[in-house]
1. Each residue of the stretch 67-83 in turn: what ³J(HN,Hα) in whole Hz from Karplus with 6.51, -1.76, 1.60 and θ = phi - 60°, glycine and Pro shown as x?
2. Keeping all protein chains in position, work out how much accessible area Trp85 exposes to a 1.4 Å probe, and write it in Å² to the nearest 10.
3. On C-alpha positions alone, give me the angle between the axis of helix 112-125 and the longest principal axis of the chain, in degrees, nearest 10.
4. What accessible area per residue, rounded to a whole number of Å², is obtained for the chain using a probe radius of 1.4 Å?
5. Compute a Gaussian network model of the chain, connecting alpha carbons closer than 10 Å, and tell me which residue from Val16, Val161, Val100 fluctuates the most.
6. Which value, in Å² and to the nearest 10, is the accessible area of Leu99 when all protein chains are kept and the probe is 1.4 Å?
7. Relative to the first principal axis of the alpha-carbon coordinates of the chain, what is the inclination of helix 2-28, with its axis defined by its Cα atoms, in degrees from 0 to 90 and to the nearest 10?
8. Can you tell me how much longer the chain between Arg144 and Trp61 gets when fully stretched, taken as 0.36 nm per residue apart minus their C-alpha distance, in nm with one decimal?
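The values are calculated or read from the model by the stated rules, or taken from the named source; none is laboratory data. Please read these numbers as outputs of a predicted model, since none were measured by experiment. Side chains included, ligands, DNA and RNA excluded: accessible areas come from the protein's heavy atoms. Shrake-Rupley method; radii C 1.70, N 1.55, O 1.52, S 1.80 Å.
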Amino acid sequence: MLRIVNRVLIGLTGLVLFGTGLAAVVAALDLPDRWGVGMPSGWSWRAPEDVLLTHTDRTQWRDESWWWPVVIGGLALLVLLCLWWLLAQLRRRRLTEILVDSGDGVGALLRGRAMEDVLAAEAEALPGIDRARVTLIGRRNQPRVRIGLLLAPQASPDQVVHRLRTEAVHHARVSAGLAALPTEARLRPAKHSPERVS
């Protein structure tokens, strides 16, 4: 959901900025007059010396009783929406606990950090993996795993991924009693200094 909100907000902001910039360029270069194109009757930005909002446009509603409450309310709403969006960006996305089906209808909670540590330790024990960072995301009853792997210089990526899936991830899924444990692995080679040949 947050990803969709981010894309919509960035898209709308980009469109507004692009439209405003395009209007500024058109007015600054006096393109409507050069091309003989008539602008709409309410358009105030017609020539390079014109401004976007005239003095009359800026002050026409000031004497109305509803003007200031609407301005203050709109700005307050905008500030609250911006704060919500900022807090949503900063919110931790790591899953803190997993709901494990214990078979008796009650269920149990497994600490997410414990499962991350065990999965990382088992992944690092596999040949070809120097270091593993595991993060649980998703929902308590449908967790997903993100694993960042630092591969040893001699590692074969296809074998590493196969053993990771069939051993470490499989063991974590079975031990937590999950029907599925979708996993995203990001592989990165370890940097090593060149060897000297004499």
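1. Going residue by residue, I get 4, 5, x, 5, 5, 5, x, x, 5, 5, 5, 5, 5, 5, 5, 5, 5 Hz, with x marking Gly and Pro.
2. Per-residue accessible area (Trp85): approximately 90 Å².
3. 60 degrees
4. 75 Å²
5. Its mean-square fluctuation being the largest, the pick is Val16.
6. It works out to around 70 Å².
7. 30 degrees
8. The Arg144-Trp61 span can extend by a further 24.5 nm.
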